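A.B. asks: Shown below is the structure under consideration.
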Amino acid sequence: MKFGQFELQLLSDGFFRLDGGAMFGVVPRVLWQKKFQPDERNRIRLALNSLLILDGKQAVLVETGIGDKMTVKQVDIYGIEHTTTLPVSLRTHGLGSDDIDMVVDTHLHFDHCGWNTRRASDGSLAPTFPRAHYYVQAGELEHARQPTERDRASFLPENFEPMQATNQWIALTGDREIIPGVELVRVPGHTRDMQCVRVRSQGRTAFFFADMVPTTAHLPVAWIMGYDLYPLKTLEQKKRWIPQAVREEWLCFFVHDPTVPAAYLRQKGDEVIAEPAPEFAPASVS
């Protein structure tokens, strides 16, 4: 869709599944299952949405999905469904891996940066986007390399180490405008150094919430994932960003929502509700 000076497109890497209880933390199952029906393994089906930002000169890719390097066991554990893949999704918009100028990693959990790299036929690893700079917070990259016992399984070195050898990392220490109108903002909570993406043009704002608000079901400020390392920071950030998105009528993107990938937020009594953006119905996520 046209968004001021930009073209915004939602891309997909398919779907996967995570434990419903972990996705909703202290929220009781009797409440969250009204939003997501779990399977027999208590997993809920989640989307792998990415955002493509075009300004006529440069192509910015926000998030790279789960990728194709998972083992057979991991594919089963996470219920990965590649109904499409990120490279296929890019091709539907006439773009190949050489056309991407910037990749934004909101953080380095495996379901957000899987297509950062790909494996060649000889088994070697290389960046999927050879011309791109990859943007991440320096603290996130540092933590990914030295994770704790609590979150070690979330970080796969094959998704982030190859860019070190090719000198493609841009490691930030705080907020940064990477092209005019596209700003990366540090939003601690899910991890210490996660970042979100704000796009501003001609009086309009779009915001990629990443794992601060992974689905529209997480709009209530207290509905916070069990995966979050700093849940009170997440609470603080949600209380900052969600009201602003309501007031200023931002177009909001949700990385894991399988039915409402993009929406405008509206205040309805004591609740904030998501009004789906018609330009980004799930069927249009290619």
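The values are calculated or read from the model by the stated rules, or taken from the named source; none is laboratory data. This is a predicted model, so every value here is computed, not measured. For neighbour counting, all protein chains shown are included, and Cβ atoms are generated from backbone atoms with ideal geometry for every residue, glycine included.
A.B. asks: Suppose we filter Arg131, Arg118 for residues that are over 22 Å from Cys196 (Cα atoms), at pLDDT 95 or above, surrounded by 14 or more Cβ atoms within 10 Å (Cβ to Cβ) and among the charged types (D, E, K, R); which single one remains?
C.D. replies: Answer to the selection: Arg118.
Here's the yes/no breakdown for (1) hydrophobic (A, V, I, L, M, F, W, C); (2) within 23 Å of His190 (Cβ to Cβ); (3) modelled with pLDDT of 95 or more:
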{"site": "Asp13", "(1), (2), (3)": "no, yes, yes"}
{"site": "Ala22", "(1), (2), (3)": "yes, yes, yes"}
{"site": "Trp32", "(1), (2), (3)": "yes, yes, yes"}
{"site": "Pro38", "(1), (2), (3)": "no, yes, yes"}
{"site": "Ile66", "(1), (2), (3)": "yes, yes, yes"}
{"site": "Thr71", "(1), (2), (3)": "no, no, yes"}
{"site": "Asp76", "(1), (2), (3)": "no, no, yes"}
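A.B. asks: Since Tyr264 meets every condition but one in (1) in contact (Cβ under 8 Å) with a residue 12 or more places away in the chain; (2) over 30 Å from Phe155 (Cα atoms); (3) out of contact with any helix residue (DSSP H, G or I) (no Cβ under 9 Å at 6 or more places or on another chain), which condition does it not meet?
C.D. replies: Tyr264 satisfies every listed condition except (3).
A.B. asks: Considering the range 177-212 alone, what residues qualify as being β-branched (Val, Ile, Thr), closer than 28 Å to Trp32 by Cβ and touching a strand residue (DSSP E or B) at 6+ places or on another chain (Cβ under 8 Å)?
C.D. replies: Those that are β-branched (Val, Ile, Thr), closer than 28 Å to Trp32 by Cβ and touching a strand residue (DSSP E or B) at 6+ places or on another chain (Cβ under 8 Å): Val185, Val187, Val197.
A.B. asks: Within the range 137-151, identify whether any single residue is in contact with an Asp or Glu (Cβ under 8 Å, 6 or more places away or on another chain) and buried (at least 23 other Cβ atoms within 10 Å of the Cβ), and answer yes or no.
C.D. replies: For the range 137-151, residues in contact with an Asp or Glu (Cβ under 8 Å, 6 or more places away or on another chain) and buried (at least 23 other Cβ atoms within 10 Å of the Cβ): present.
A.B. asks: Go through (1) more than 19 Å from the chain's Cα centre (by Cα); (2) over 21 Å from Ser154 (Cβ atoms) for Leu232 and report which single condition fails.
C.D. replies: (2)
A.B. asks: When you go through (1) buried (at least 16 other Cβ atoms within 10 Å of the Cβ); (2) touching a residue at least 40 places away in the same chain (Cβ under 8 Å); (3) over 15 Å from Leu156 (Cβ atoms) one by one for Phe110, which number turns out not to apply?
C.D. replies: Failed condition: (3).
A.B. asks: Please indicate, with yes or no, whether at least one residue in the range 254-266 is in contact with a Gly (Cβ under 8 Å, 6 or more places away or on another chain) and either over 25 Å from Gly181 (Cα atoms) or at pLDDT 95 or above (or both).
C.D. replies: No.
A.B. asks: Can you pull out every residue in the range 155-204 that is of a type in the set (Gly, Ala, Ser) and either in contact with a Phe, Trp or Tyr (Cβ under 6 Å, 6 or more places away or on another chain) or on the phi < 0 side of the Ramachandran plot (or both)?
C.D. replies: Ala165, Ala171, Gly189, Ser201
A.B. asks: Tell me which residues, restricted to the range 58-95, are of a type outside the set (Val, Ile, Thr), over 26 Å from Arg43 (Cα atoms) and free of Cβ contacts under 8 Å to residues at least 24 places away in the same chain.
C.D. replies: Within the range 58-95, Arg91, Gly94 meet the criteria.
A.B. asks: Check the range 47-56 and report whether any residue there is touching a helix residue (DSSP H, G or I) at 6+ places or on another chain (Cβ under 7 Å), at pLDDT 95 or above and not in a helix (DSSP H, G or I).
C.D. replies: For the range 47-56, residues touching a helix residue (DSSP H, G or I) at 6+ places or on another chain (Cβ under 7 Å), at pLDDT 95 or above and not in a helix (DSSP H, G or I): present.
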